[in-house]
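These notes concern the structure reproduced below.
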Amino acid sequence: MYHGHVYFPLRFAEQAETLRQKILSERNDVMEVFPLVQRLVGPHKMPMFEIHFANKESGIVEWLDQERGDMSVLIHPVTGGEETLDHTVRAIWLGRELGIFEETLSS
């Protein structure tokens, strides 16, 4: 399983919501789409919304890269128990790499 975190400045909340709605309507390979979080939470350095998908083979990564506009996207596997490695070494970024607050992660 993979998580995608779509980051946006607060002034782009409307664009982020538009992308979120587009994912909901166009991507049947995304298992879950969460609401916008318009504050800092967990290891994330910007407001974001999260999506969950089973694998990268469906073309979701390429689709997100085309649709994200100026927003950055962190995509990472969920391996269980190795959150720091999942969010750093094993992660890929679409757009500008923002980094994360590693101290908030376990392992």
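The values are calculated or read from the model by the stated rules, or taken from the named source; none is laboratory data. Keep in mind that what you see is a predicted model, and the values were worked out from it rather than measured. Positions of Cβ are generated from backbone atoms using ideal geometry, with glycine treated the same way; all protein chains shown enter the neighbour counts. Each accessible area value is taken on the protein alone, full model and side chains, heavy atoms only, with ligands, DNA and RNA left out. Shrake-Rupley method; radii C 1.70, N 1.55, O 1.52, S 1.80 Å.
Only a single item in (1) farther than 25 Å from Glu102 by Cβ; (2) surrounded by 13 or more Cβ atoms within 10 Å (Cβ to Cβ) is not met by Pro43, and it is number (1).
Each residue in segment 1-27 was checked for being in a loop (DSSP other than H, G, I, E, B) and touching a strand residue (DSSP E or B) at 6+ places or on another chain (Cβ under 6 Å), and 0 pass. For beta carbons closer than 9 Å, sequence separation of 6+ or different chains, a first residue in segment 19-42 that is farther than 23 Å from Glu57 by Cβ and a second that is open to solvent by 50 Å² or more (accessible area, probe 1.4 Å) and of a type in the set (Ser, Thr, Tyr), the qualifying pairs are Gly42/Thr104.
The C-beta contact set for segment 64-92 (first residue of a type in the set (Asp, Glu), second residue surrounded by fewer than 17 Cβ atoms within 10 Å (Cβ to Cβ), distance under 6 angstrom, 6+ apart or interchain) comprises Glu82/Ser107; Glu83/Leu105; Glu83/Ser106; Glu83/Ser107; Asp86/Thr79. Scanning segment 10-32 for residues that are of a type in the set (A, V, I, L, M, F, W, C) and open to solvent by 30 Å² or more (accessible area, probe 1.4 Å) turns up Leu10, Phe12, Leu24, Met31. Considering only residues in segment 52-107 that are among the hydrophobic types (A, V, I, L, M, F, W, C) and assigned to a helix (DSSP H, G or I), the one that is surrounded by the most Cβ atoms within 10 Å (Cβ to Cβ) turns out to be Leu64. In segment 28-51, of all residues being within 11 Å of His5 (Cα to Cα) and assigned to a strand (DSSP E or B), the one that is modelled with the lowest pLDDT corresponds to His44.
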